[in-house]
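See below for the structure under consideration.
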Amino acid sequence: MIARRPPLLALASALLLAACATQAPLQPAPTAPPPAAPASAPTPAPAPASPAGPSRATDLVATRVGHDTPAGTGADALAAFRAACPSLARRKDRSGLTIPADWAAPCAAVATARDARSFFNAQFAAVRLADGPVAGRGFATGYFEPEIAASRTKAPGYATPLYKRPPDLVEVDLGSFREEWKGRTLRGRLDGNKVIPYPTRADIAAGALAGKGLEIAWAADANEAFFLEIQGSGRLRLPDGRIMRIGYESQNGRDYVPIGRVLKEQGKLKDPVSMASILGWLRANPGEAPAIRAANPSAVFFRELTDIRPDQGPIGSMGHPLTPRVSAAVDPAFTPYGAPLIVELPGQPPVLQVAADTGGAIRGPGRIDMFRGPGAAGAAEAGGLASPIDLLILLPKPAAERLLARKP
């Protein structure tokens with residue numbers, strides 16, 4: 001269930017802790033790898049249920065806004081939208097704003113478009129969505145594609161497994177049962193004729209998946225492997241210098257718990273909490289680090305990406321490579337995949353992004369995560385992003401008119 005968005009200052013504080021995995025680049029790993037997580041690593045109790053709130057974009061108040069596509073919007077934005085069109089021609093998502101016929105005209109026009117600003121100005125109408133007194137306000141963070149040292153096989157110095165999807169992991173599409181659950185997935189495993197929770201991160205670290213041939217690679221550093229899971233994809237630098245690309249395949253169905261918040265609640269870190277401060281603490285406290293990592297029960301399963309070029313970004317939720325500084329992750333219940341977005345950060349000129357991805361911490365209206373690219377450069381850019389924003393969603397005119405006419 002999507003919680004009602006808290007006041008902006010509270011939101012900013014909460015999201016800094018939830019998205020702290022993108023606040024600074026990874027630093028070189030220490031010589032000795034951290035010890036494996038013990039079986040007794042604690043898992044926090046589930047958070048209390050959130051109050052009911054809007055569940056999709058059509059539950060919100062929409063306002064028409066005149067727009068001018070930002071200066072500097074170029075061919076990469078056109079290419080990012082063009083890449084989304086095959087999916088837009090056949091999909092519907094929970095936002096209620098992805099009826100394929102609505103997107104047919106802009107997708108036909110983008111095939112021959114040359115001037116990005118003219119295209120986005122002519123083909124779309126801009127709307128602000130409001131879930132509270134301030135329309136169009138949101139929060140942005142940044143994410144990147146990390147690069148870490150790893151080996152395809154277990155070897156000295158490479159002791160942390162990265163797993164592919166286990167064959168006993170069951171995914172239940174809840175939207176097939178109730179319309180308001182559309183876009184939500186329950187994950188677990190079968191016990192007889194019942195679906196039960198899948199093992200937690202602590203269980204997996206204690207060996208729940210060991211000996212099953214599910215290791216896709218072995219990382220040199222447990223902390224870097226942990227943050228790679230949070231990013232959802234990455235580049236593995238193999239001992240022979242080659243790069244292996246891996247991407248998100250599934251997840252164990254457990255709720256994501258930001259360990260920055262855990263460290264703060266335990267008095268181990270003080271504000272400002274960032275990826276750099278978390279990573280520094282984990283490396284300075286190798287004996288406690290496994291239990292802290294296990295406080296996030298969510299675990300990600302990967303697949304090797306062999307069908308993308310080295311110069312392309314990771315595969316996003318729409319099934320095509322992400323474009324650095326253009327692609328953004330959104331909550332598809334509120335922001336439709338493929339939609340162009342005009343994002344204005346404080347003190348900066350607006351930029352155009354294209355919704356092409358999602359993430360476990362990206363929930364609610366106005367919440368976006370901006371993809372900044374691979375490696376240390378992408379991490380450095382992502383580290384500078386944690387800010388309230390003004391957000392416009394660009395929709396095909398039929399979709400915008402239908403949304404504006406609707407009473408939530």
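Read-outs throughout are calculated quantities, based only on the coordinates presented, and are distinct from any laboratory measurement. All values reported here derive from a predicted model rather than from experimental measurement. Cβ placement follows ideal geometry from the backbone for every residue including glycine, while neighbour counts extend to all protein chains displayed.
Amide H contacts for Ala217 (H built 1.01 Å from N in the peptide plane; partners 5 or more residues away or on another chain; cut-off under 5 Å): Leu162.
In sequence order, region 196-205 has phi-based couplings of 10, x, 7, x, 7, 4, 4, 4, 5, 5 Hz under the Karplus curve 6.51 cos²θ - 1.76 cosθ + 1.60, θ = phi - 60°, and Gly or Pro positions carry x. Summarising the amide proton neighbourhood of Leu269: residues at separation of 5 or more, or on other chains, whose placed amide H is nearer than 5 Å comprise Lys264. Take the Cα of Ala104, step 7 Å along the line toward its Cβ, and report every residue of region 365-408 whose backbone nitrogen sits under 16 Å from that point. Backbone N within reach: 396-399. Shape of region 261-371 from the C-alpha gyration tensor: prolate (a/c of 1.5 or more and a/b above b/c, with a ≥ b ≥ c the square roots of its eigenvalues).
In terms of surrounding Cβ atoms within a 10 Å radius of their Cβ, Arg367, Arg152 rank from fewest to most as Arg152, Arg367. Listed by Cβ neighbour count within 10 Å, with the fewest neighbours leading, Phe227, Phe177, Phe144 appear as Phe177, Phe227, Phe144. Dipole magnitude for region 348-408: about 360 debye, using +1 per Lys or Arg Cβ and -1 per Asp or Glu Cβ, origin at the Cα centre.
Couplings 3J(HN,Hα) for region 312-327, derived from phi with the Karplus relation 6.51 cos²θ - 1.76 cosθ + 1.60 (θ = phi - 60°), are 8, x, x, 7, x, 5, 7, x, 10, x, 6, 9, x, 6, 10, 6 Hz, where x marks Gly and Pro. With a Förster radius of 45 Å applied to the C-beta separation of Asp115 and Ala284, the computed FRET efficiency comes to 0.30. Annotation: the residues Thr69, Thr141, sorted from fewest to most other C-beta atoms within 10 Å of their own C-beta, follow the order Thr69, Thr141.
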